[in-house]
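For reference, the structure discussed in these notes is given below.
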Amino acid sequence: MALLDDIKFQFRTGNILMQLIYVNGGVFLLMMVLRLVFFLTGNEGLFNQAVLQLTIPADPKLLLLRPWTLLTHMFVHANFLHVLFNMVWLYFGGSIFLNFLDSKKLLSTFVLGGLSGALFFVAAMNLFPVFSATAPYASAEGASAAVLAIVVAAATTVPNYVVQLVLIGPVRLKYIAIVLVILDLIFIPSGNAGGHLGHLGGAYFGFVSASQLKRGNDLTVDFLKPWFWLKKKFPKGSRKIKVVHSKHRSDAEFNAARNNRQAEVDVILDKIKRSGYESLSKSEKDILFKASKEL
């Protein structure tokens, strides 16, 4: 189970950006495994119907019956390239975002950007006459709107941040965001119109939230305050209480033991810097994993 322990450790110690990437990747892998199982048993149609229950429907009546899809659609990707490009852009925009804003705002921007994209999608499919024939059957999936919200929010926060692009050279972040938005506008008539309109909804939220934050108005963190409160209230989940009787230690003994543990962790962290995480022995990984639980 060493691989599973490594994944748990990487997830627990990673920042919210890496956790979002792990969750999206994990959901995609799970879906592909289930798809293979359903295919081999001759029930791929049932798999498609199950996935449809997680994607957001354009029909408002169906949406009322599937309110959970407002959240679940952000983590559903139909193919490998879809999830790959979304995660690459999420890492790119999220890394810049975290250089100037905190992880709570990143998570809130991701969720609210995805919700904004979903609402844009549903509204567009029902307001524009061109979609009248397809709206009752259309649905949307993927993290594209949420990802674009983060990229645009980062570009609005630091528009002149310079990014070194391969084969192009230095480019200011605001121009990258503008190009992404223009591409979505251009491709609306070329297919997946509802998806591109949903992307624009995410971009709109990213721009508005970052603009308001510059003025001192935070539109993001308050939305997820109940989640952060619960996370602090039950940081490690509910566990049975285990009573252990041990000899009382003096403050000096306690501090000495804590310093010894910290020294061990420091040595291991230095080793990771020199040789990478994979160079650690199982016992060193266990020490680091236990230390992360005490954070």
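One table, with the values for the structure above:
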item: FRET efficiency for Ser281 and Val88, using Cβ-Cβ distance with R0 set to 35 Å, rounded to 0.05; result: 0.60
item: Other-chain or far-sequence residues with amide H under 5 Å of Val163's (modelled H); result: Val171, Arg172, Leu173
item: Cα centroid separation - the range 129-192 against the range 58-126, whole Å; result: 12
item: Stretch gain in nm, segment Val130-Met32, where the contour uses 0.36 nm per residue and the Cα spacing is subtracted; result: 31.9 nm
item: Long-range HN-HN contacts of Ser139 with modeled amide H, under 5 Å; result: Ala58
item: Burial ranking of peptide ranges 97-110, 146-159, 16-29 (average Cβ count within 10 Å, highest at the top); result: 146-159, 97-110, 16-29
item: Set Lys105/Lys214; Lys104/Lys290; Lys105/Lys174 screened for pairs whose C-alpha atoms are more than 21 Å apart; result: Lys104/Lys290
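Quick note: the coordinates plus some simple rules give every number you see, no bench work behind them. Quantities reported herein were computed from a predicted structural model and do not represent experimental measurements. With ideal geometry, Cβ positions are generated from the backbone for all residues, glycine too; neighbour counts draw on all protein chains shown.
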